[in-house]
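Here is the structure we will look at.
The values are calculated or read from the model by the stated rules, or taken from the named source; none is laboratory data. Quick caveat: nothing in here was measured; it's all calculated off a predicted structure. Here the Cβ positions follow ideal geometry from the backbone for every residue, glycine too, while neighbour counts run over all protein chains shown. Calculation scope for accessible area: heavy atoms of the full protein, side chains included, ligands and nucleic acids excluded. Shrake-Rupley method; radii C 1.70, N 1.55, O 1.52, S 1.80 Å.
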Amino acid sequence: MKKNPKIIVGNWKMNPQTLDEAKRIARGVKKTAEEVKKVITIMCPPTVFTSAVASLSNNRYLYTGVQNIFTETHGAYTGEISADMARNAGARFVIVGHSERRRMGETDAVVNKKILLALTSGLNPIICIGEENHDRDGHYLSVIKEQVHAALQNVALVDIPRIVIAYEPIWAVGADKAMNAHDVHVMTILIRKTIIDLYKLRKQPKQIHIPVLYGGSVDPTNTAGILTEGSADGLLVGRQSLDPKAFSDILRIANAA
Ligand code: PEP
């Protein structure tokens, strides 16, 4: 496998409605994911389908993730799922701080707690950050920096290679149009530089690469531009990840990018 493979995450959100359909999507993705050797694919189904999807994946090209975990390890928290449970069900990754969850009240402090728990349990966090508005005054630049700092509070340098950042401008998630590739490029540079400065990575003896993905209305037509001109290390794909044909096209384009 190439040194820094592209990482393509499929966030199925609260879909599909049946186990049979979840297996159908996973099998459709599996075929292409195992062909494209320069890409790591991560399917994130609803938690109830984790084991079934994981039984079809978890090899060096294809993994399963969950879309959320709880802030505690066990106990009287009706309806919640711990990091250990997710890991035990076969998840290797967890999406943390998705804008749809932040909208339901998840704060930066909660996001940070979940990241620390994920790391302790052997899950690799995919940390979502993104601004509400891409305002003309550039306020979004400090919003992004603050989100990175808050998410990584107390995360040890040794765990940094396990972190994936997904930059998802909120206004582009579930929208008609993705951010343009030039603006993606500016934001990926900002995020990498923020982490390099935070951990003084330039002074570290070993080079550490932090993948910065882009998410927000990705489809086969904008994939190549976001990965090449946009210099994103991968993509977080929502709606199009439920269509194995479209998602497979994205995987093949990413493999060639
Ligand atoms: C997402 O779910 O994070 C997302 C980016 O969705 P979509 O690709 O549908 O915009």
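In the condition set (1) within 18 Å of the chain's Cα centre (by Cα); (2) modelled with pLDDT under 95; (3) within 16 Å of the ligand (Cβ to nearest atom), residue 212 is compliant with all but (2). Is it true that some residue in segment 83-106 is open to solvent by 60 Å² or more (accessible area, probe 1.4 Å), on the phi < 0 side of the Ramachandran plot, part of a helix (DSSP H, G or I) and modelled with pLDDT under 95? No.
Restricting to segment 144-161, name every residue that is open to solvent by 30 Å² or more (accessible area, probe 1.4 Å) and of a type outside the set (Asp, Glu). The answer is 145, 149, 153, 154, 156, 157, 158, 161. Looking across 117, 141, one residue alone is farther than 23 Å from residue 4 by Cβ, touching a helix residue (DSSP H, G or I) at 6+ places or on another chain (Cβ under 8 Å) and surrounded by fewer than 18 Cβ atoms within 10 Å (Cβ to Cβ). It is 141. For segment 194-209, enumerate the residues that are without any contact (Cβ under 8 Å) to a residue 12 or more places away in the chain and open to solvent by 60 Å² or more (accessible area, probe 1.4 Å). Result: 197, 200, 202, 203, 205, 206, 207. Among residues belonging to segment 4-27 that are part of a helix (DSSP H, G or I) and surrounded by 16 or more Cβ atoms within 10 Å (Cβ to Cβ), point out the one that is nearest to the ligand (Cβ to nearest atom). So the residue we want is 25.
Here segment 154-180 is the region considered, the condition is being within 16 Å of the ligand (Cβ to nearest atom) and part of a helix (DSSP H, G or I), and the residue that is nearest to residue 93 (Cα to Cα) is 170. For segment 185-207, the count of residues that are over 23 Å from residue 123 (Cα atoms), aliphatic (A, V, I, L, M), more than 16 Å from the chain's Cα centre (by Cα) and within 11 Å of the ligand (Cβ to nearest atom) is zero. Looking only at segment 51-62, residues that are open to solvent by 60 Å² or more (accessible area, probe 1.4 Å) and either in a helix (DSSP H, G or I) or farther than 17 Å from residue 255 by Cβ (or both) come to 2 in all. In the condition set (1) modelled with pLDDT under 95; (2) touching a helix residue (DSSP H, G or I) at 6+ places or on another chain (Cβ under 9 Å), residue 136 is compliant with all but (2).
Residues being within 16 Å of the ligand (Cβ to nearest atom) and open to solvent by 10 Å² or more (accessible area, probe 1.4 Å) are represented in segment 128-136 by at least one member.
The condition of being outside any loop (DSSP other than H, G, I, E, B) and modelled with pLDDT under 95 holds for residue 197.
Note on segment 224-249: among residues that are within 10 Å of the ligand (Cβ to nearest atom) and farther than 21 Å from residue 209 by Cβ, the one that is most open to solvent (accessible area, probe 1.4 Å) is 239. Has segment 35-50 got at least one residue that is in a loop (DSSP other than H, G, I, E, B) and either aromatic (Phe, Trp, Tyr) or within 16 Å of the ligand (Cβ to nearest atom) (or both)? Checked segment 35-50: at least one residue is in a loop (DSSP other than H, G, I, E, B) and either aromatic (Phe, Trp, Tyr) or within 16 Å of the ligand (Cβ to nearest atom) (or both).
Within segment 45-58, at least one residue is within 20 Å of residue 12 (Cα to Cα) and within 15 Å of the chain's Cα centre (by Cα).
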